[in-house]
Amino acid sequence: MDDNILHMAGITKTFPGVKALQDVNLEVKRGEIHAICGENGAGKSTLMKVLSGVYPYGSYEGEITFDGEACEFGNIRDSEARGIVIIHQELALSPHLSIAENIFIGNERVRRGLIDWHRTNAEAAELLRRVGLAENPTVRVSDLGVGKQQLVEIAKALSKKVRLLILDEPTAALNDDDSEHLLDLLRDLRDEGVTCVIISHKLNEIEAVADSVTILRDGRTIETLDFHTQTVTQDRIITGMVGRDLEHRYPEHTPNIGEEILRVEDWTVFSPTQRGRKVVAGANLFLRRGEIVGLAGLMGAGRTELAMSVFGRAYGVDISGRLFKDGKEIKARSVDEAIEHGIGYATEDRKRYGLNLIDDIKRNISAAALTKLADGAGLVDPHEEYRVAEGFRASMNIKAPAVTAVAGKLSGGNQQKVVLSKWMFADPDVLILDEPTRGIDVGAKFEIYTIIQRLADAGKAVLVISSELPELLGICDRVYAMAAGRITGVLERDQATPERMMTLMTQTTESLTAQEPVYVPALEPEHEQEKDQ
């Protein structure tokens, strides 16, 4: 029997104006976890869509052999019938149906022409047990967190007698605990004989779980490395991905920090959905011109809630506290007011809130500052809009055939560059970046870091929220820590170590009152205030 369960040979896939894959070869051994790495736009997801029938036979060139037989899949059902199941990065679950209904949708358990609910729920419960999810199968999917929804997707795949499971960025939106649980599950599936192909930008996870890795670059196969027979390091993978050594994952930068530009005092926010629950409690922080400031914290610490509430009260109820810009108290009671005061916020969910995915690049770039493009009649000047967008496409190295390209067709890294271009065009004094490099590769991350440094060099204050602690320590001049809705401390760059930051990030209310006060810069006693009219 052939050791390889999958052969893909000479795969070439062309879209109008773009050759996404060119003569790509992939071989996957039986019962292994095989990782696929590459920069955004390298062709990873496209290759898996070819394999799974999303792009049907005849729309690409090349050959696919699965378990010794040539395959010509016309759709996803064809590939699933052979035991090949793909789980996309955007989960394909119906939120208003139960777990059991989602697992067997399109594959219903029927008796005498009617759905057999007893069998449906019993088989779903067994599948949930296999994936380690202790939930009643009648629970609605909308009541589950993202980590549990991922497990439901895998249970759904197992219900289809999966032999080759493809996961596209499965841990991109998961916290550390959920990610580790998912990786453990992949190891268990491997032990049961299920072959897994995983696309991921998290090289530490690939190093921990994969048996081999294939690297793609610019739509071509670069090489396949075997973790068991070769010395494979993260730096080795990065070199293959970007075509060069990255001596430093974070660009060197000498800050030019000026005067204070924004200060948040005693900021408290309550949850809009859980009455009486305080999600941010008495937070104090300040930002200075030319400074990159980090905000670290574990999942649920309140980082995004703090940022969104400061940005025109876009989140939360019963918000209290004071906001100062250039020493004067301001009122940012709406997003419009926040933007007028020179505050911008790039959301962590760029696909849902940061971009209009069905509109083109130029419209997305101009969206936050249309008044800057208005002609004498108050209408947007389309020629000026095009010129501005073209300027950002060039300066931000947005890889797209034209600014009329639809934003939803871009890779994650290029979508993030469009989001940043939008806010750079709006020209805020303070820019809050929430998870700016989530789901993008190391090469694109380096470019994003360089853009952040350019913003700081232009005199902006940048607040970066990130779940990747090395990222914050690598690019920030100061880093605040949050835990349970409170600012637990702040460290200068030369003081910040992973151990010290993690200590602050795991502080509890009890430990804060029991220990010596953590270092937070003292608030200035007086500010010039503007009365709320």
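The values are calculated or read from the model by the stated rules, or taken from the named source; none is laboratory data. The shown structure was predicted, so the numbers you read here are calculated from the model rather than taken from an experiment. Cβ coordinates were reconstructed from backbone atoms using ideal geometry, including for glycine residues, and neighbour counts include every protein chain displayed. Remember, those area values only see protein heavy atoms, side chains included, never the ligands or the DNA or RNA. Shrake-Rupley method; radii C 1.70, N 1.55, O 1.52, S 1.80 Å.
Some notes on this structure:
- Among the residues of the stretch 69-85, some residue qualifies, meaning at least one is under 20 Å from Val162 (Cβ atoms), open to solvent by less than 20 Å² (accessible area, probe 1.4 Å), of a type outside the set (Phe, Trp, Tyr) and without any contact (Cβ under 8 Å) to a residue 60 or more places away in the chain.
- Considering the conditions (1) more than 29 Å from Ile398 (Cβ to Cβ); (2) touching a strand residue (DSSP E or B) at 6+ places or on another chain (Cβ under 9 Å), Glu69 is excluded by exactly one of them, (2).
- Neighbours by Cβ (under 7 Å, 6+ apart or cross-chain): first from the stretch 478-506, in contact (Cβ under 8 Å) with a residue 60 or more places away in the chain and in a strand (DSSP E or B); second aromatic (Phe, Trp, Tyr) and open to solvent by less than 50 Å² (accessible area, probe 1.4 Å): Ile487/Tyr480; Val490/Tyr480
- Residues of the stretch 460-492 that turn out to be open to solvent by 20 Å² or more (accessible area, probe 1.4 Å) and either under 17 Å from Asn256 (Cβ atoms) or not hydrophobic (A, V, I, L, M, F, W, C) (or both), as a count: 6
- Just one of the listed residues (Leu127, Leu93) is touching a helix residue (DSSP H, G or I) at 6+ places or on another chain (Cβ under 7 Å), within 30 Å of Arg438 (Cβ to Cβ) and part of a loop (DSSP other than H, G, I, E, B), namely Leu93.
- Only residues that are within 24 Å of Lys49 (Cβ to Cβ), basic (Lys, Arg) and either out of contact with any Ser or Thr (no Cβ under 8 Å at 6 or more places or on another chain) or not assigned by TED's automatic domain parsing to the domain that holds Glu101 (or both) were counted in the stretch 122-165, giving 3.
- Residue in the stretch 120-140 that is surrounded by 18 or more Cβ atoms within 10 Å (Cβ to Cβ), under 28 Å from the mean Cα position of the chain (by Cα) and basic (Lys, Arg) present: no
- Within the stretch 11-39, tally of residues that are closer than 29 Å to Ala402 by Cα, small (Gly, Ala, Ser) and outside any loop (DSSP other than H, G, I, E, B): 1
- Residue count for the stretch 371-385, restricted to those that are surrounded by 14 or more Cβ atoms within 10 Å (Cβ to Cβ) and not acidic (Asp, Glu): 3
- A search for C-beta distances below 6 Å between a residue of the stretch 127-153 that is of a type in the set (Gly, Ala, Ser) and any residue that is buried (at least 17 other Cβ atoms within 10 Å of the Cβ) and in a helix (DSSP H, G or I), counting only pairs 6+ apart in sequence or on different chains, returns Gly147/Asp178.
- Criterion: within 28 Å of Lys13 (Cβ to Cβ), open to solvent by less than 60 Å² (accessible area, probe 1.4 Å) and outside any strand (DSSP E or B) - qualifying residue of Leu216, Leu182, Leu186, Leu174: Leu186
- Among the residues of the stretch 406-433, those identified as under 22 Å from the mean Cα position of the chain (by Cα) and surrounded by fewer than 20 Cβ atoms within 10 Å (Cβ to Cβ) are Val406, Gly408, Lys409.
- With a requirement of 3 or more residues that are not small (Gly, Ala, Ser), the strands (runs of 3 or more DSSP E) lying completely within the stretch 306-404 that satisfy it span 317-325, 328-330.
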